[in-house]
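A.B. asks: Sending over a structure as structure tokens; questions will come in a sec.
Read-outs: derived from the displayed coordinates by stated rules, not from any lab. All of these numbers come straight from a predicted model, not from anything done at the bench. Methodologically, a virtual Cβ is constructed for each residue, glycine included, from the backbone with ideal geometry; neighbour enumeration extends over all protein chains shown.
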Amino acid sequence: MVQVRAASVNPSDAKNILGRMEGATLPRTPGRDFAGVIVAGPSSMIGAEVWGTGGDVGFTRDGTHAELVLVPVAGVRLKPKNLTFEEAAASGVNFVTAWIGLVETAAFRPGETVLATGAAGGVGSAVTQIAKWKGGQTIGMARTPISAEHQREYGIDHSIVADAKDSYKGLIDGALRLTQGKGVDVAYDCVGGPLFEPCLRTLGYSGRQVNITSVGDRRVCFDLVDFYHRRLSLFGVDAPMTPKLPRPYWSA
């Protein structure tokens, strides 16, 4: 059992309490991300500062928007000492989703360029930070200008402001201009819907696109002939979830 010191609020938490998340059982205390101190469980772990995210917490078992949360041993890790409880709790779903999509799925490599839509949001800003840490170049797209301070904080080398008025032509032209016409190696689309096809058009030869959601219309279309001629790859990545774990939650 963890005494929760900090817990973040994700869009999925809000959707959960509105009954829009498949697989959730109600009534339910929401919350997925947390950081705190172990107060019950294996004797060797009592007092440890930990953090965690994902799984069925907040969906089929009560979540982290509470004073105490019961999770399996496998559901926690030691909190890095250089992070506060608040910083650790705010990292979970955002950074895990970004890592799974960018590194584990799209196999992003040093020297490559990533375009992240929704770059001022949780997952988008995590994508650019991870890409910079991996030695890559980053382009962040948002509907409004990203401040210079946030660009430095999020590891964004170049930012693009694009909207639907020109069918996101500004996004496509900007990405091609910033890559000398080559296109980006990875497009990490945190918006979907109307941005799905424009993101595909920013990709270079053998580019990879990751999609994690779809705002608005969930049905999209694209030029299939162009898609296979340029040998593009498309990946769907869900936020970190694991199968429901059996009781007992703790094991020695």
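A.B. asks: What shape does the stretch 50-155 have by the C-alpha gyration tensor, where a ≥ b ≥ c are the square roots of the eigenvalues, rounded means a/c under 1.5, and otherwise prolate means a/b greater than b/c and oblate the rest? Could the numbers behind the result be given before it?
C.D. replies: Values: a/c = 2.10, a/b = 1.82, b/c = 1.16.
Cα axes put the stretch 50-155 in the prolate bin.
A.B. asks: Pull out a ≥ b ≥ c, the square roots of the eigenvalues of the alpha-carbon gyration tensor of the stretch 58-104, then state rounded if a/c is under 1.5, prolate if not and a/b is larger than b/c, and oblate in the remaining case.
C.D. replies: oblate
A.B. asks: Taking loop as defined by DSSP and a crowding limit of 11 other beta carbons within 10 Å, which trypsin sites (Lys or Arg not before Pro) in the stretch 1-76 fit?
C.D. replies: Filter output for the stretch 1-76: Arg20.
A.B. asks: Any chance you could run the full-extension gain for Asp173 through Met1? It's 0.36 nm times the residue separation minus the Cα-Cα distance, nm to one decimal.
C.D. replies: 56.8 nm
A.B. asks: Using θ = phi - 60° and the Karplus relation 6.51 cos²θ - 1.76 cosθ + 1.60, list the HN-Hα couplings for the stretch 87-97 in order, rounded to whole Hz, with x at every Gly or Pro.
C.D. replies: In residue order, the calculated couplings are 5, 5, 5, 7, 8, x, 4, 4, 6, 5, 4 Hz.
A.B. asks: Restricting attention to the stretch 156-236, which trypsin sites (Lys or Arg not before Pro) occupy a DSSP loop and are surrounded by at most 15 other Cβ atoms within 10 Å? Display every interim value, and only then the final one.
C.D. replies: Values: sites: Lys165, Lys169, Arg177, Lys182, Arg201, Arg208, Arg218, Arg219, Arg230, Arg231; in loops: Lys182, Arg218, Arg219, Arg230, Arg231.
For trypsin sites (Lys or Arg not before Pro) across the stretch 156-236 that sit outside H, G, I, E and B with at most 15 neighbouring Cβ atoms in 10 Å, the list reads Lys182, Arg218, Arg219, Arg231.
A.B. asks: A further question on this structure: Summing Lys, Arg as +1 and Asp, Glu as -1, what charge do residues with Cβ under 12 Å from the Cβ of Asp62 carry, Asp62 excluded? List each step's numbers first, then the result.
C.D. replies: On the way: positive: Arg28, Arg32, Arg61; negative: Asp56, Glu67.
In short, +1.
A.B. asks: Is the shape of the stretch 89-144 best called rounded, prolate or oblate, per the rule: a/c under 1.5 gives rounded, else a/b larger than b/c gives prolate, else oblate, with a ≥ b ≥ c the square roots of the Cα gyration tensor eigenvalues?
C.D. replies: oblate
A.B. asks: Within the chain, which is the longest segment that contains none of the chymotrypsin sites (Phe, Trp or Tyr not before Pro) sitting in a DSSP loop with at most 16 other Cβ atoms within 10 Å?
C.D. replies: 1-221
A.B. asks: Something else about it: In percent, how large is the relative contact order of the stretch 2-90, given Cα pairs closer than 8 Å and 6 or more residues apart?
C.D. replies: Value for the stretch 2-90: 37 percent.
A.B. asks: Return the label of the correct value of Cα Rg over 2.2 N^0.38 Å, as calculated from the structure shown, out of (1) 1.01; (2) 0.90; (3) 1.09.
C.D. replies: Working out Cα Rg over 2.2 N^0.38 Å from the coordinates points to (3).
A.B. asks: Around Gly31, under 14 Å between beta carbons, what's the net of Lys plus Arg minus Asp minus Glu among the other residues?
C.D. replies: Working: positive: Arg5, Lys15, Arg28, Arg32, Arg61; negative: Asp13, Asp33, Asp56, Asp62, Glu67.
With Lys, Arg at +1 and Asp, Glu at -1, the net is 0.
A.B. asks: Here's another thing I want to ask about it. With n ≥ 4 as the cut-off for DSSP H runs, can you work out [θ] at 222 nm for the chain, using -39500 (n - 2.57) per run divided by the number of residues, rounded to the nearest 500?
C.D. replies: Here the helix-only value at 222 nm equals -6500 deg cm²/dmol.
A.B. asks: I'd like the Karplus ³J(HN,Hα) series for the stretch 201-209: coefficients 6.51, -1.76, 1.60, θ = phi - 60°, whole numbers in Hz, and an x wherever there's a Gly or Pro.
C.D. replies: Listing the rounded values in order: 6, 7, 6, x, 4, 6, x, 10, 10 Hz.
A.B. asks: On to the next question. Over the Cα atoms of the stretch 94-236, what radius of gyration and what Dmax do you get, in Å?
C.D. replies: 13.4, 41
A.B. asks: Right, something else. What is the local net charge at Leu176, summed over the other residues whose Cβ is closer than 10 Å to its Cβ (Lys, Arg +1; Asp, Glu -1)?
C.D. replies: After counting each charged neighbour, the total is +2.
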